[in-house]
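The values are calculated or read from the model by the stated rules, or taken from the named source; none is laboratory data. Please read these numbers as outputs of a predicted model, since none were measured by experiment. Please note: Cβ atoms are built from the backbone with ideal geometry, for glycine as well, and neighbour counts cover all protein chains shown.
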Amino acid sequence: MPFPLIYVVGQAMSKRIHGTMRAVQAELGSLSSRIQEDLGAIQVIKTYGLEEVRRKGFVAGSDRLLVANMEAAKVRIQLGPTLNALAALGMAMLILFGGRALIHGDLSKGELVAFSGYLARLVWPTLTLGFLLALVQRGRASWMRLLELQQTKPDIPDGAGPPLAHSPRPAHVEVQGLTIKYGDRAVLDDIHLTLAPGTITAIVGRTGAGKSTLVDALCRLIEVPAGTVFLDHRDITTLPLASLRAQIGYAPQEAFLFSTTIADNVAMGYGGGTAIPAARARELERVVGMAASADLSTEPRVTAAAAAAGLTRDLAVMPEGLATIVGERGITLSGGQRQRVALARALASTPRLLVLDDSLSSVDAETERVILKNLRDVMSGRTAVLISHRVAAIKDADQIIVLDEGKVVARGTHEQLLAQGGTYSELYRTQLDTDIIKKEPS
């Protein structure tokens with residue numbers, strides 16, 4: 001009688017173990033995210049004196065994790081004694097009822113001894129069952145979190161159509177009636193534009209005008225309505241994402257670098273390099289005999305891209321040059337250097353469509369003009385889209401698109417837009433006045 005009860009009790013307690021372990025995993029994930037966030041924002045925390053505030057938050061998270069672990073431990077500890085008690089109850093019932101049957105002659109001594117032996121042999125499997133139930137439920141809690149991640153559907157589904165055929169020609173891009181909304185607010189409203197092959201298109205506008213959203217839509221980093229964005233006359237929503245993004249070199253404003261060498265970061269633009277941190281790579285090489293990664297600092301595609309991105313002068317003062325390790329997220333480089341490494345990565349991919357989303361905002365205006373001048377040769381033979389808050393830096397573009405509150409309010413060349421007046425002329429004159437003030441002696 002107790003052994004069926006052991007199964008029922010074991011199942012009930014295993015469910016409690018699963019619930020408590022899910023809580024432990026959730027608290028551990030929350031605490032790990034907080035630690036990662038604090039380490040990434042360490043300069044901000046120091047600047048604003050937030051050490052004590054963040055420490056209290058960490059302690060509170062640790063306390064919640066401790067409580068969740070203690071609750072899980074209590075349930076696990078209860079499982080073994082409970083199953084042991086039920087097993088002992090089975091032996092007690094055998095002695096009670098078997099002894100009575102023996103006294104009344106309903107059971108022989110041999111049969112009682114046999115029953116006792118069989119029951120004793122069931123004790124160890126019963127205890128093992130308890131340990132296995134606890135172990136399985138702990139693993140199941142972790143597996144469920146992995147399963148949730150694995151089954152999460154991407155916000156941007158892969159296109160079902162065939163990939164784009166390889167072509168050395170510059171990309172042809174059309175945008176027809178593109179509207180992007182976040183809630184009830186239209187970030188982009190009925191955008192129509194054409195990027196002719198081999199031309200440079202600049203996108204300007206005030207902060208919040210929708211410039212970055214537009215280039216994200218071109219790269220399909222956000223979902224776009226079907227029939228609104230076309231690459232080489234193909235709707236990008238029908239293209240496999242790998243095929244689409246293989247055509248594009250994208251340098252975002254917020255440059256992300258891996259904790260490896262500059263050369264590796266640049267080479268990732270064409271699928272080379274490694275994202276394994278240098279210290280970890282050395283450890284793997286020492287412990288498991290993993291082959292050392294190739295030195296890409298002399299690779300022609302890497303050196304050419306670095307030169308085009310204006311890194312030559314910076315690399316000259318670095319002892320290791322392109323082999324310099326940049327640290328986590330590129331912490332050893334300045335903001336401008338990080339942006340230029342990201343630009344070099346985009347150039348190394350030799351894209352048919354080059355997209356620069358204010359990717360030189362952390363360099364001074366003169367350096368930006370020099371880099372963009374150098375890029376004219378690099379961008380020849382490909383279509384380019386530039387975003388810059390500095391109007392003077394993009395005045396040589398083939399066409400300039402002016403956005404305001406998500407709408408195209410003007411388009412044309414620099415001279416045409418100045419003659420028209422409006423937003424572009426106002427931005428240009430404001431920045432021109434600012435540059436004059438900066439150059440005046442104090």
Could you list, in sequence order, the residues of segment 296-342 that are closer than 22 Å to L356 by Cβ and assigned to a loop (DSSP other than H, G, I, E, B)?
A309, G310, L311, V326, L333, S334
Considering every residue within segment 344-362, establish whether at least one is surrounded by 17 or more Cβ atoms within 10 Å (Cβ to Cβ) and at pLDDT below 70.
yes
Residues that are touching a residue at least 40 places away in the same chain (Cβ under 8 Å) and surrounded by fewer than 19 Cβ atoms within 10 Å (Cβ to Cβ), at least 1 per element: which strands (runs of 3 or more DSSP E) completely within segment 132-207 meet that?
173-182, 185-195
Quick check on segment 38-66: of everything there that is loosely packed, with under 12 Cβ neighbours inside 10 Å and not aliphatic (A, V, I, L, M), which residue is farthest from G335 (Cα to Cα)?
D63
